[in-house]
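The values are calculated or read from the model by the stated rules, or taken from the named source; none is laboratory data. Just so you know, these numbers come straight off a predicted model, no measurement behind them. Because the Cβ atoms are built from the backbone with ideal geometry, glycine has one as well, and the counts that use them run over all protein chains shown.
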Amino acid sequence: MIRLLPTLLLLVLALAAPARAEFPEAGRPVTVIVPYPPGGGSDISARSLAPVLEGELGVPVVIVNRPGANPQIGLTQTARARPDGYTLCYGLWPSTITLYLDPSRNAGFTRESFTPLAMHVIDPGSIIVRADSPLRSLADLIAAARSRPGDLRVSDPGILSWEHLASIALQKQHGLTVNQVHYQGSAPALVALLAGETEVALVATGTAMAQSRAGTARTLAVLDDHESTYLPGVPTAAAQGTRIVTGSARGFIAPAGLPAEVEARLAQALERAITSPEHRQKMQELGLPIRFMGPEEFRRYWTAEEASLAPLVHEVVGSGAAN
């Protein structure tokens, strides 16, 4: 009997221990932080998926905008959140990477601070002007910048965003200097162009398509290897003598330390939501190209992008090249 006491004690303790609640708990919402202002491409993309993801998880999915410091505030909040699956973030690459590669930002997080869950969209970049702009081609833009050194106003959603880095690449290739104007998010940068505060903007192709359909902007070039089906007839930058291939990637991440079973549940729900016919149709209408990646592929993509961007970021930061 004495020999049975340890076994009985362990059994009693196991029965007394509270069972881990199944994820997600009924009625408990999952919050998705969008670290950008409302109305931009990231906000639109995340909100388009939320209703479908709700159906897969069976609980409310709440989108919360946490803009600021492009997009350091929202990412910091995510990195510090409890890793229980109820706080996710809809991040943007390469901005997430360039934040922590820039030592002046003191980001307080790195790639290891997050759990990649699902890549959602990879949207090639475009160069646009207002519909009434005299600039009708990339050659016109280059000529205007060359004739007005440091004066042509180009808007981007923040220092070291892909838009900023693409503008630097354009200037370096053609020996130009522009007046680079930084905003806090893609929506304010676009509004600045449409209001006439700036003359040129670099935006995601989905945004360029929407503005083209609205008759408010003209696309001068697509920053991809091939022309976009969303902007038929618009040549690539490469076809116009400028080799720039870049854009924005958007995906879902969680804080590091997520329990394996929670990660698996979220990854599965995200895959089903992102690849559902309902969502594909919605994204087609928005001009946002789905590029799904699961956790492992997403992790490899992130690592490769970081290795590729590090030299350029260090060059820009080291030279203090805000333009």
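I'd like the full set of residues that are modelled with pLDDT under 90 and among the hydrophobic types (A, V, I, L, M, F, W, C), limited to region 45-79. A69, the sole residue that qualifies. Here H164 meets the list (1) part of a loop (DSSP other than H, G, I, E, B); (2) without any contact (Cβ under 8 Å) to a residue 40 or more places away in the chain; (3) within 19 Å of the chain's Cα centre (by Cα) almost entirely, failing just condition (1). The C-beta contact set for region 271-286 (first residue among the hydrophobic types (A, V, I, L, M, F, W, C), second residue modelled with pLDDT under 95 and assigned to a loop (DSSP other than H, G, I, E, B), distance under 8 angstrom, 6+ apart or interchain) comprises M283/P289. The numbered conditions (1) touching a residue at least 60 places away in the same chain (Cβ under 8 Å); (2) within 19 Å of V59 (Cα to Cα); (3) not aromatic (F, W, Y) are all true for A264 except (1). The set of residues from region 211-233 being surrounded by 21 or more Cβ atoms within 10 Å (Cβ to Cβ) and not in a loop (DSSP other than H, G, I, E, B) comprises Q211, A217, T219, L220, A221, V222, L223.
Answer yes or no: is there a residue in region 156-165 that is more than 22 Å from A310 (Cα to Cα) and not hydrophobic (A, V, I, L, M, F, W, C). Steps first, answer last, please.
Here is the first cut: in region 156-165, the residues more than 22 Å from A310 (Cα to Cα) are none.
No, region 156-165 contains no residue that is more than 22 Å from A310 (Cα to Cα) and not hydrophobic (A, V, I, L, M, F, W, C).
I'd like to verify a number: residues in region 234-272 that are part of a loop (DSSP other than H, G, I, E, B), touching an Asp or Glu at 6+ places or on another chain (Cβ under 9 Å) and modelled with pLDDT of 95 or more, how many? Of the residues in region 234-272, 6 are part of a loop (DSSP other than H, G, I, E, B), touching an Asp or Glu at 6+ places or on another chain (Cβ under 9 Å) and modelled with pLDDT of 95 or more. Would you confirm whether or not region 82-93 contains a residue that is crowded, with 21+ Cβ neighbours inside 10 Å, of a type in the set (V, I, T), under 21 Å from A249 (Cα atoms) and touching a residue at least 60 places away in the same chain (Cβ under 8 Å)? The answer is no; no qualifying residue exists. Residue pairs whose Cβ atoms lie under 8 Å apart, sitting 6 or more positions apart in sequence or on different chains, and linking a residue in region 108-123 that is within 13 Å of A254 (Cα to Cα) to a partner that is part of a loop (DSSP other than H, G, I, E, B) and at pLDDT 95 or above, are E112/A256; S113/A256; F114/A256; T115/P83; T115/A256; T115/G257; T115/L258; A118/G294. Residues of region 281-301 that are assigned to a helix (DSSP H, G or I) and either buried (at least 16 other Cβ atoms within 10 Å of the Cβ) or not polar (S, T, N, Q) (or both): K282, M283, E285, L286, P295, E296, E297, F298, R299, R300, Y301. Just to be sure before I move on: is A187 in a helix (DSSP H, G or I) and more than 30 Å from T275 (Cα to Cα) in the structure I sent? No.
State which residue is surrounded by the fewest Cβ atoms within 10 Å (Cβ to Cβ) when the search covers only region 103-142 and only residues that are farther than 20 Å from G91 by Cβ and of a type in the set (D, E, K, R). Result: D132.
Of the residues making up region 103-113, those that are of a type outside the set (G, A, S) and more than 13 Å from P71 (Cβ to Cβ) are P103, N106, T110, R111, E112. With respect to the conditions (1) at pLDDT below 95; (2) not in a strand (DSSP E or B), D123 falls short on a single one, namely (2).
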